[in-house]
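Following: one structure in structure tokens, then a few remarks.
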Amino acid sequence: VDKQTPSNLIAAYDGQIEALQVTGGVCTVKIGDTVKKGTLLVSGVIDSRAFGYRLVRARGEVFARTTLTFQTEIPYENTEKVYTGRFFTKKSIKFFSKTIKLFGKDSISPTSCDKIETERRIYLFDTIKLPVFIRETRYAEYETVTKTLTESQALKKAYAEIRAMSEEILQDAEILGRHTYISENDGKLCMTQQIECMIDIAKENDEDIFRP
């Protein structure tokens, strides 16, 4: 949102208001209020008897106690790519719209390879650009294998995924408690983590400045 654009602050999460630090706009909630996601917290519409309605950019922080839930599922059986160490390089010359291949048949199937394509222009005397390019495609062969995780490995992976999901959201939050629930379903380890925290739930919104 541009600094000059009128806006409101709305709730990004459900929660109970614990603290308010509003520096712009009109606060529409008070400490102790319970709000739902999307609730108007600070209005950018100021009604003044002297000047009438005035639109401003709502600013501030609204801290609330809330519980955020993060979930992930980790299959015990995973299909992974394992590189064989075999490589193959194809080269061709591109002259305007025409391409001339500089290679013969190869023994690596394109369906079992990752490929990286590069292209470089040819210069005459290192200074004059020519309409000629050397195109190179490098193939790295791999095999598809199925690996089975132990329960310990699946748990470690699940915790890592939950941490990756929640890290940015909770970076400025005060963590009050964590509750982790683990189950198994259809060959998967299922993890749900509920995190009680104190967090700034104010989210700026300039799409509907006159919302009630």
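The values are calculated or read from the model by the stated rules, or taken from the named source; none is laboratory data. Just so it is clear, the structure is predicted and the values come from calculations on it, not from any experiment. Note that we place each Cβ from the backbone using ideal geometry, even for glycine, and neighbour counts take in every protein chain shown. Heads up: the accessible areas ignore ligands, DNA and RNA and are worked out on the full protein's heavy atoms, side chains in. Shrake-Rupley method; radii C 1.70, N 1.55, O 1.52, S 1.80 Å.
Order M165, M191, most accessible first, counting only protein heavy atoms with a 1.4 angstrom probe.
M165, M191
Apply the Karplus parameterisation 6.51 cos²θ - 1.76 cosθ + 1.60, with θ equal to phi minus 60°, to every residue of region 168-179 and state each ³J(HN,Hα) to the nearest whole Hz, in sequence, with x for glycine and proline.
Couplings: 5, 4, 9, 4, 10, 8, 9, 7, 9, x, 10, 10 Hz.
What is the angle, in °, between the Cα long axis of helix 151-166 and the longest principal axis of the Cα atoms in the chain? Nearest 10 is fine, range 0 to 90.
60 degrees
Suppose only helical runs count, i.e. DSSP H with n ≥ 4. What mean residue ellipticity at 222 nm does that imply for the chain under -39500 (n - 2.57) per run, divided by all residues and rounded to the nearest 500 deg cm²/dmol?
-2500 deg cm²/dmol
Can you tell me the accessible area per residue over the chain, all protein chains present, probe 1.4 angstrom, in square angstrom?
68 Å²
Check which residues have an amide H placed less than 5 Å from K37's amide H, if you skip close sequence neighbours.
Under 5 Å from the amide H of K37 lie the amide H atoms of D14, each far enough along the sequence or on another chain.
Just need the relative contact order of the chain here, percent rounded to a whole number, with Cα pairs under 8 Å and 6+ apart.
28 percent
Run the dipole for region 144-207 about the Cα centre, Lys and Arg Cβ at +1, Asp and Glu Cβ at -1, nothing else charged, and hand back the magnitude in debye, nearest 20.
Magnitude of the dipole: close to 640 debye.
Counting only the heavy atoms of the protein chains, how much of F88 is accessible to a 1.4 Å probe, in Å² to the nearest 10?
The value for F88 is about 60 Å².
Name the long-range amide H neighbours of G25: under 5 Å, sequence gap of 5 or more, or other chain; modelled H, no Pro or chain starts.
Amide H neighbours of G25: R59.
Per residue of region 75-85, in order, report the coupling 6.51 cos²θ - 1.76 cosθ + 1.60 (Karplus, θ = phi - 60°) as ³J(HN,Hα) in whole Hz, putting x for Gly and Pro.
Values per residue, Gly and Pro as x: x, 5, 9, 10, 8, 10, 8, 10, 6, 7, x Hz.
With a 1.4 Å probe and every protein chain kept in, tell me what percent of the accessible surface of region 19-85 is carbon plus sulfur.
Of all accessible area on region 19-85, carbon and sulfur atoms account for 49 percent.
Tabulate in residue order the Karplus-calculated ³J(HN,Hα) for region 9-26, using 6.51 cos²θ - 1.76 cosθ + 1.60 with θ = phi - 60°, rounded to whole Hz; enter x for Gly and Pro.
Karplus values, whole Hz, x for Gly and Pro: 10, 10, 7, 7, 9, 5, x, 10, 5, 10, 7, 10, 9, 9, 10, x, x, 10.
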